[in-house]
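Encoded as structure tokens, the structure appears first; notes follow it.
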Amino acid sequence: TVIGENRRTMQINVAGAIIMPIAFYAGSHWGTVGLAAGWLLVYPIVVVAPMASLVFRRIELSPAAYFRALLAPFTSAALMCVAVWMVRFGYPAEMPRVAMLATDIAVGALTYGGSLLLLHGARVRAVVSAIRAARAGNISA
């Protein structure tokens, strides 16, 4: 809607509204896992890819540039998952669940933030600078 492609957006969503129930029906033979698999396999092809292609063309953004922008949060999230998964092996059997949760959160936050700063510090500083400039009114529209 924002990019002025209402008709094309509607067409993509109508295609999704027709094709997704078929995927759900096909997947329903395997229960909830089949339904989830139908969603996971079909939705990106029928809705996400055409919508992304439309938006990328309209705002003149290459898919490569988009995925480069996602590299920092993706690598930090992956490292966070590994760190939290690994720390769980060290929990004593009698450790309270609240303490486990607090530890998971702390390890996750420290790992995500630390890896973001260590691996992508220049990008983080650029984003912080842009936010500060926007707050100060230094960005022209």
Is it the case that some residue within the stretch 26-46 is farther than 22 Å from GLU5 by Cα, among the hydroxyl-bearing types (Ser, Thr, Tyr) and free of Cβ contacts under 8 Å to residues at least 40 places away in the same chain? yes
How many residues of the stretch 67-111 are in contact (Cβ under 8 Å) with a residue 12 or more places away in the chain and of a type in the set (Phe, Trp, Tyr)? The answer is 1
All-but-one check, VAL84 against (1) over 18 Å from the mean Cα position of the chain (by Cα); (2) within 30 Å of GLU5 (Cα to Cα), failing number (2)
Checking ALA106, ALA93 in turn, the sole residue that is farther than 23 Å from ARG68 by Cα and open to solvent by 60 Å² or more (accessible area, probe 1.4 Å) turns out to be ALA93
Scanning the stretch 5-29 for residues that are in contact with a Gly (Cβ under 9 Å, 6 or more places away or on another chain) and open to solvent by 100 Å² or more (accessible area, probe 1.4 Å), the one nearest to ARG58 (Cα to Cα) turns out to be ILE22
Within the stretch 61-89, of all residues that are of a type outside the set (A, V, I, L, M, F, W, C) and open to solvent by 60 Å² or more (accessible area, probe 1.4 Å), the one modelled with the highest pLDDT is ARG88
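The values are calculated or read from the model by the stated rules, or taken from the named source; none is laboratory data. Since the structure is predicted, the reported quantities are computational estimates derived from the model, not experimental observations. Quick reminder, even Gly has a Cβ in these numbers, built from the backbone with ideal geometry, and neighbours come from all protein chains shown. Keep in mind that these areas ignore ligands, DNA and RNA; they rest on the heavy atoms of the full protein, side chains included. Shrake-Rupley method; radii C 1.70, N 1.55, O 1.52, S 1.80 Å.
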